[in-house]
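**Student:** This structure is in structure tokens; I'll ask about it shortly.
Every number here is computed from the coordinates shown, using simple stated rules; none is lab data. Keep in mind it's a predicted model, so treat the numbers as computed, not measured. Cβ placement follows ideal geometry from the backbone for every residue including glycine, while neighbour counts extend to all protein chains displayed.
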Amino acid sequence: MSTAAVAFPASLAEELAHHLAEYADAGRTGLVFVGARGGVLRRNNFRRIWLRALAATGLGDVHFHDLRHTGNTLAATGGASTRELMHRMGHSSVRAALIHQHLVNGRAHVIAGYVDGQIRKVKRPPHGPSGT
């Protein structure tokens with residue numbers, strides 16, 4: 001099993017520390033998510049746990065995998081490159097990385113504004129009253 005450092009938002013550090021202390025296996029190689037009896041979390045027992053968590057938070061009909069989509073979309077809107085997204089998500093193909101991204105309303109105007117700003121930085125002012 002390979003281990004890698006994972007960068008995550010600092011605002012989640014307290015919740016992560018609580019989860020690790022209360023619910024995860026101990027040690028550097030311990031499982032972060034374990035089953036009810038301390039074993040490997042399996043699909044058939046995970047669903048019950050996930051549905052209870054949704055009910056407790058009032059999130060409604062959210063699929064666990066939606067969290068990957070949300071995280072990748074937020075990273076992309078924060079400026080992550082496709083290569084960075086691939087690394088972050090553990091993807092080996094651009095296609096897989098793009099599947100986990102979604103369009104965000106209003107981003108077209110933000111992108112156009114950024115491009116406009118870059119053009120204005122290098123655009124020469126017009127010459128004379130006619131612009132020539």
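**Student:** Multiplying the sequence separation of Thr57 and Ala36 by 0.36 nm and subtracting their Cα-Cα distance, what value in nm do you get?
**Tutor:** Computed gain between Thr57 and Ala36 is 5.6 nm.
**Student:** Where q = 0.13 Å⁻¹, what log10 of I(q)/I(0) comes from the Debye formula for the stretch 1-116, counting one point per Cα?
**Tutor:** Here log10 of I(q) over I(0) equals -0.70.
**Student:** Let me ask something additional. Using alpha-carbon positions, what is the distance between the centroids of the stretch 77-101 and the stretch 108-124, in Å?
**Tutor:** The stretch 77-101 and the stretch 108-124 have Cα centres separated by 25 Å.
**Student:** Longest exposed-loop-site-free stretch of the chain, with trypsin sites (Lys or Arg not before Pro), DSSP loop and at most 10 other Cβ within 10 Å?
**Tutor:** By the stated rule (loop sites, at most 10 other Cβ atoms within 10 Å), 43-122.
**Student:** What do you get for the angle between helix 107-122 and the principal long axis of the chain? Use alpha-carbon atoms, 0 to 90 degrees, nearest ten.
**Tutor:** With both axes taken from Cα atoms, the answer is about 40 degrees.
**Student:** Would you calculate, for the chain, the mean residue ellipticity at 222 nm contributed by helices, counting each DSSP H stretch of 4 or more residues as -39,500 (n - 2.57) and dividing by all residues, to the nearest 500?
**Tutor:** It lands at -15500 deg cm²/dmol.
**Student:** Full-extension gain between Phe64 and His19, please, as 0.36 nm times their residue separation minus the C-alpha to C-alpha distance.
**Tutor:** 14.5 nm
**Student:** Can you figure out the FRET efficiency of Ala5 with Glu84, using R₀ = 22 Å and their beta-carbon distance, to the nearest 0.05?
**Tutor:** E(calc), rounded to 0.05, equals 0.95.
**Student:** Measure nothing but the geometry: give the 0 to 90° angle between the long axis through the Cα atoms of 66-77 and the longest principal axis through the Cα atoms of the chain, rounded to 10°.
**Tutor:** Around 30 degrees separate the two axes.
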